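As structure tokens, the structure follows; a few thoughts come after it.
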Amino acid sequence: MSDEPSATDRDPGRTLPAVAVVDAQSPGNVGTIARAMKNFGFEDLLLVDPPALDPDGEAYGYAGHAREDVLPNAEEISFDHLAETYHTIGCTAVTNEDDRSHVRFPYSTPAALADRLATVDGPTALVFGRERVGLTNEELARIDEICSIPASADYPVLNLGQAATVTLYELRSLTLDETQLPDLERVRAPEPTVDRLYDQWAALLEEINHPAEKRDKTMRMLRRIYGRADLTEREANTLLGLLRRATERPAEN
């Protein structure tokens, strides 16, 4: 089965999460986030205290095709309006380790958040903060819940654009019914074909005078390798052809 998440059960009338960026300093990061939104099916961009977004500048240059819709349709709002109107999910790299303070605890990972938000109807917003300091404790205190990307304990802080891209990727099942990757089941080769492959290996081991006392162990090893590989029929037939040629034309030595 494909590892891509399915959105076939998603209610097409359900409100999709908006993406809010608070006090971004770089227009380029706003453009990068807009592009990630376009990649993963998000449409509504909310900007709190944004930098100037010149149509001929960095934001539009970084936005890719999102310059055509996501970025020009972005809505500038206040933090008060954001907190009062939306169910907010604040994204932060720095979390509390226990429940002694709820400003940054408890938190969800983006993957866990995807499972939960799939059943939530109503206006929600993923909130990303500044490039250097993210969201302040005062802002996080007004946020409904916290989300954090698992990363190295030595350096957990991601660039603003990176953090948004990773989060939106993990939440793509909320927005995308399909991706460019086809949802195909991997079809394993029929057992008779795989058995012929083992028979051909046994014939080759005999042809090259592989030590008789080692052949059973070698065949078990090959079965383990092919068992993990889940060969397709085409792969098995290709290997079968190569082994036949090798058996028919052994090395001169």
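The values are calculated or read from the model by the stated rules, or taken from the named source; none is laboratory data. Source: prediction; values computed, not measured. Glycine also receives a Cβ, built like all others from the backbone with ideal geometry; neighbour counts cover every protein chain displayed.
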Out of the stretch 28-69, which residues are out of contact with any strand residue (DSSP E or B) (no Cβ under 7 Å at 6 or more places or on another chain), within 15 Å of E131 (Cβ to Cβ) and not in a loop (DSSP other than H, G, I, E, B)? G28, N29, G31, T32, E58, A59, Y62
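Matching residues to (1) closer than 30 Å to L47 by Cβ; (2) assigned by TED's automatic domain parsing to the domain that holds L82; (3) within 30 Å of the chain's Cα centre (by Cα):
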position	(1), (2), (3)
L158	yes, yes, yes
L168	yes, yes, yes
L205	no, no, no
N209	no, no, no
A212	no, no, no
E233	no, no, yes
L243	no, no, no
Taking Y198 as meeting all but one of (1) in a helix (DSSP H, G or I); (2) in contact with a helix residue (DSSP H, G or I) (Cβ under 6 Å, 6 or more places away or on another chain), write down the number of the exception. (2)
Taking the conditions exactly as written (farther than 30 Å from D80 by Cβ and modelled with pLDDT of 90 or more), does T179 satisfy them or not? no
Does L242 satisfy being within 30 Å of P110 (Cβ to Cβ), of a type in the set (A, V, I, L, M, F, W, C) and loosely packed, with under 15 Cβ neighbours inside 10 Å? no
Output the number of the condition that G227 fails; it satisfies all remaining conditions of (1) surrounded by 10 or more Cβ atoms within 10 Å (Cβ to Cβ); (2) modelled with pLDDT under 90; (3) not in a helix (DSSP H, G or I). (3)
Could you tell me whether G57 is crowded, with 16+ Cβ neighbours inside 10 Å and not basic (K, R)? no
